[in-house]
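Right, one structure below, let's go through it.
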Amino acid sequence: MAQIAQVIVDVPTMQTNEPYSYAIPDALRDQLQPGMRVTVPFGHRVVSGFVVGITDDTQFAGQLKPIQAVLDLAPVLNSELQQLADWLATTTYAFRITCIQTMLPNLLKAQVEREIAPTDELTAQERATYFPDGGAREFDSTKLDAATLSGLLKLRQAGKVTVTYQVKDRAAVKTTPGITTTLPTSQLQELAASVAKRAPKQAALLTYLQRLPAQPVPQAKVIKDAGVSAEVIRAGETKGWLKRQPLEVYRDPFQQPVAPTQPLTLNDQQQAAVTAISTAVTQHDAQTFLVEGVTGSGKTEVYLQSIATALKQGRSALMLVPEIALTPQMTNRVKSRFGHQVAVLHSGLSKGEQYDEWRRIDRGEATVVVGARSAVFAPIHHLGLIIMDEEHESSYKQDENPRYHARDVALWRGRYHDCPVVLGSATPSLETRARAAKGLYTRLLLDHRINHRPLPTVHIVDMREEVKQHSGDDDFSAPLMTAIQERLDRHEQVVLMLNRRGFSSFMMCRDCGFVLKCPNCDISLTYHVNPRLMKCHYCGHEEAVPQVCPNCHSRKIRYYGTGTQKVEEALQKRLPAARILRMDVDSTRRKGAHERLLKQFGRHDADILLGTQMIAKGLDFPNVTLVGVLNADTALGLPDFRASERTFQLLTQVSGRAGRAEKPGEVYIQTFNPDHYAIQLAQTQDYERFFVTEMHMRHQGNYPPYYYAIQLTASHEDEQVAAKAMYQILAAVKQGLSDQAIVLGPTPKAIARVKRKYYYQVVIKYKHEPRLKAVLDQIRQGSQRAARGLAVTIDAEPMNFM
Ligand SMILES: Nc1ncnc2c1ncn2[C@@H]1O[C@H](COP(=O)(O)OP(=O)(O)OP(=O)(O)O)[C@@H](O)[C@H]1O
Ligand SMILES: [Zn+2]
Ligand SMILES: [Zn+2]
């Protein structure tokens, strides 16, 4: 009976989304397993692919093509991850190959390169022209000039050259020379004695070799411990005293050692949370917990002690953090508790480092995994606990295919491993808090700070008044300046946040704070330059750009937003003695820059940390007693139904950086909308009231979590094509779904033209649409055959409507 391999080929199209059958050559029969990478002939090419199944039946009538080569000795995708890939493809409307590749480290993405090689048929002239190096050359039509390309194609037609395929697998393992010896100890002793007088170094090596273990020892260690040079070792190798062989090593991403810490004595609320989570871990109970804890309530300690429970039972733990490059403090806390068992996965690592960490996890050498979004796919075997810190963060959603949310993947894996999932935040997402309200998640509350330290006092500064009283173009209000000066005098530290989100995309009146909203959607209108219009990108409503404020008739209407650099200069001018650190995309571009800046601030080498949203989360600096928010409104003005939620979360999080130790904290929030509920409730840091208020708004507007949402986008270089495609999609959606579904659009996206492409979108809001999946799959099928260059994306539960 012939064996057949089911292969998902690396050709992301709708047609290749199902596995193809290939014959397994006899030579590969014992070796091949599902989850391995292979190369296979596909059309006129050779492509890489993943084996997803091996079957015995021969339904296929024709002659199957054979698998060409196997790239792995062991599967790179274990069976859990194979199932997860299928689920991901179904729920995110992405291709299976795209899902598989998203789950694996970059280095495992094999590339098949076409090569073209000379044959004896070539004339000397042709050989010199097309093969100046003598041998085969890469054959990539996008890299060759037209003349060479057409010349080579002619030679190919004439059969004078051959085309071959070369797999460029970059999964390189790093090695170092390792040393072993095969000689018995007695012989080494004799040899040592015989050379002792003549060559004392060689004798030292021979003496050292006597206590060498059976496993290879890195040459560098031998050199150091035996006190001999590399030449002596080479001499020993020539004489047959020792063998040198490559020894696999890991690229270690932790340069500096971290000081170990011990578990802290928990307070009652922390203890209750740890007990509940630990019980679920012990009982293999796939419960979901929401740890709702105010800023500085000690959530991290709850995570660490719950992880310890899982480890004690011989299981592993996964801890997700929003953007690891932004949270070095958190990573260090985990490392200092669990030491070498910790693996860290994030995009700041080199590809080699990522691959090494991935293998340490796969082999069970690392049992605590800390990482950002994609770490949710880490090949952990015996998961005992999954933690997602700052679960409300939108960076957990990937905004390219597959458009998955790490929270959903975490919950899937929790069910697979029968282990609890802990979602933690001071400001949970509405979706999560609503599920806790329904009893789907168990809510664990930490409602006060450690040692009952007070939350900081928050002052709202009405910038409309400030603008009236002062010349009006300054970013710093009088009360904030006074507060900063006080901190400088007392040698305390200040965190200042400049909110860059939604830069210039909406207009606001500087006199009254009025933001122009859509009459239909209660969402701010977006300013478009070309043509100059205010547009609602939910429902399509548009109107002229106002010349005066419709509310107070002031002419001080402008786009909101200032750069960090400009603000830094202005601040330095007003406070010449202050030491200011700026933290934004520009100052943190270099690897490790972020961590260095935070260390500097932690040592009190600076008085003021001025930064964008990236300074809002997770920082725990005891000497910070003042937080200033320069522009609270920019996020509020975004055309997104989550604008209030995001603003509340951001203000509460950044406020939470103040007064975390003995000295009490104070916060100044500068705003043009002092009466907005998101700002008012951030002042009292009252999440629960915000939750109730915002749920009411969502209910009124038929938004999530009352409705599910799907965003469909079509993009094309020709605006007409994109718009037309979207109208066709709209028709298909309307026909396929019940009239309970609310369909908005098509409208141009808020940023309608990106990279020379026009974007149009339709948003579907629904409660129960059994036919939805079928309708969307059909749309995907259709879009493949539609206009060339047209891209249609489907985003379930989009986080970003920009
Ligand atoms: N049981 C405890 N006893 C003493 N100190 C504690 C205890 N638990 C936590 N801490 C300390 O309290 C501080 C705040 O804790 P942590 O940073 O974990 O808070 P958090 O809830 O994660 O806050 P945020 O959401 O603002 O990041 C830390 O410095 C931590 O070391
Ligand atoms: Zn106005
Ligand atoms: Zn509208």
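Just so you know, in segment 672-714 the residues that are touching a residue at least 60 places away in the same chain (Cβ under 8 Å) and small (Gly, Ala, Ser) include one that is nearest to Leu744 (Cα to Cα), and it is Ala709.
Take Ile116 and tell me if it is of a type in the set (A, V, I, L, M, F, W, C), more than 18 Å from the chain's Cα centre (by Cα) and assigned to a strand (DSSP E or B). Here the answer is yes, as Ile116 does meet what is asked. For the structure I just gave you, tell me whether Asp522 is modelled with pLDDT under 85, in contact with a helix residue (DSSP H, G or I) (Cβ under 8 Å, 6 or more places away or on another chain) and either assigned to a strand (DSSP E or B) or surrounded by 13 or more Cβ atoms within 10 Å (Cβ to Cβ) (or both). Against the criterion (modelled with pLDDT under 85, in contact with a helix residue (DSSP H, G or I) (Cβ under 8 Å, 6 or more places away or on another chain) and either assigned to a strand (DSSP E or B) or surrounded by 13 or more Cβ atoms within 10 Å (Cβ to Cβ) (or both)), Asp522 qualifies.
Does Asn623 satisfy the criteria of being more than 16 Å from ligand 3 (Cβ to nearest atom), of a type in the set (S, T, N, Q), within 30 Å of Arg698 (Cβ to Cβ) and over 29 Å from the mean Cα position of the chain (by Cα)? Write out each step before concluding.
On the way: more than 16 Å from ligand 3 (Cβ to nearest atom): yes; of a type in the set (S, T, N, Q): yes; within 30 Å of Arg698 (Cβ to Cβ): no; over 29 Å from the mean Cα position of the chain (by Cα): yes.
In short, no.
So is His553 touching a Ser or Thr at 6+ places or on another chain (Cβ under 9 Å) and either within 16 Å of ligand 3 (Cβ to nearest atom) or at pLDDT 80 or above (or both) or not? Working first, answer last.
Working: touching a Ser or Thr at 6+ places or on another chain (Cβ under 9 Å): no; either within 16 Å of ligand 3 (Cβ to nearest atom) or at pLDDT 80 or above (or both): yes.
Judged against the criteria, His553 is not a match.
Restricting to segment 781-795, name every residue that is in contact (Cβ under 8 Å) with a residue 24 or more places away in the chain and either surrounded by fewer than 18 Cβ atoms within 10 Å (Cβ to Cβ) or out of contact with any strand residue (DSSP E or B) (no Cβ under 7 Å at 6 or more places or on another chain) (or both). Can you show your working first?
Within segment 781-795, the first condition is being in contact (Cβ under 8 Å) with a residue 24 or more places away in the chain, and the residues that meet it are 781-784, 786-787, 789-795.
Passing the criteria: Gln781, Gly782, Gln784, Ala786, Ala787, Gly789, Ala791.
With respect to the conditions (1) over 28 Å from Val515 (Cβ atoms); (2) buried (at least 20 other Cβ atoms within 10 Å of the Cβ), Leu681 lacks only one, and its number is (1).
Can you pull out the residues in segment 299-339 that are among the charged types (D, E, K, R) and over 16 Å from the mean Cα position of the chain (by Cα)? Let's see the steps before the verdict.
So the first thing to find is which residues in segment 299-339 are among the charged types (D, E, K, R), and the list is 299, 301, 312, 315, 323, 333, 335, 337.
Residues satisfying the conditions are Lys299, Glu301, Lys312, Arg315, Arg333, Lys335, Arg337.
Of the strands (runs of 3 or more DSSP E) lying entirely inside segment 403-486, those containing at least 2 residues that are away from ligand 2 (no atom under 16 Å from the Cβ) and surrounded by fewer than 19 Cβ atoms within 10 Å (Cβ to Cβ) span 442-446, 457-462.
When each of Arg689, Arg660 is tested for being in a helix (DSSP H, G or I) and among the charged types (D, E, K, R), the lone residue that passes is Arg689. When segment 525-550 is examined, which residues are found to be at pLDDT 80 or above and away from ligand 3 (no atom under 16 Å from the Cβ)? Passing the criteria: Val545, Pro546, Gln547, Val548, Cys549, Pro550.
In summary, Ala437 fulfils each of the numbered conditions (1) in contact with a helix residue (DSSP H, G or I) (Cβ under 7 Å, 6 or more places away or on another chain); (2) over 30 Å from Lys663 (Cβ atoms); (3) among the small types (Gly, Ala, Ser); (4) at pLDDT 95 or above with the single exception of condition (1). Set side by side, the residues Gln215, Gln202 differ, and just one is polar (S, T, N, Q) and part of a helix (DSSP H, G or I), which is Gln202.
Among residues belonging to segment 20-45 that are out of contact with any helix residue (DSSP H, G or I) (no Cβ under 8 Å at 6 or more places or on another chain) and more than 12 Å from Pro66 (Cα to Cα), point out the one that is surrounded by the most Cβ atoms within 10 Å (Cβ to Cβ). If you could, list the steps in order and put the result at the bottom.
First, the residues of segment 20-45 that are out of contact with any helix residue (DSSP H, G or I) (no Cβ under 8 Å at 6 or more places or on another chain): 20-33, 36, 38-45.
Still in the running and more than 12 Å from Pro66 (Cα to Cα): 30-33, 36, 43-45.
Numbers: Asp30: 8, Gln31: 12, Leu32: 19, Gln33: 15, Met36: 23, Gly43: 8, His44: 6, Arg45: 13.
Once the filter is applied, the top-ranked residue is Met36.
Report whether or not Cys509 is buried (at least 17 other Cβ atoms within 10 Å of the Cβ), farther than 21 Å from Glu569 by Cα, at pLDDT 85 or above and within 16 Å of ligand 2 (Cβ to nearest atom). Please lay out each step first, then the result.
On the way: buried (at least 17 other Cβ atoms within 10 Å of the Cβ): yes; farther than 21 Å from Glu569 by Cα: yes; at pLDDT 85 or above: no; within 16 Å of ligand 2 (Cβ to nearest atom): yes.
In short, no.
Of all residues in segment 181-201, none are modelled with pLDDT of 80 or more and in contact with a strand residue (DSSP E or B) (Cβ under 6 Å, 6 or more places away or on another chain).
With the structure loaded, tell me whether Arg333 is over 22 Å from Val258 (Cα atoms) and of a type outside the set (Gly, Ala, Ser) or whether it fails that test.
Details: over 22 Å from Val258 (Cα atoms): no; of a type outside the set (Gly, Ala, Ser): yes.
Judged against the criteria, Arg333 is not a match.
The values are calculated or read from the model by the stated rules, or taken from the named source; none is laboratory data. Here the structure is a predicted model, which means the values were calculated and not measured. Backbone-built Cβ (ideal geometry, glycine too); neighbour counts: all protein chains shown.
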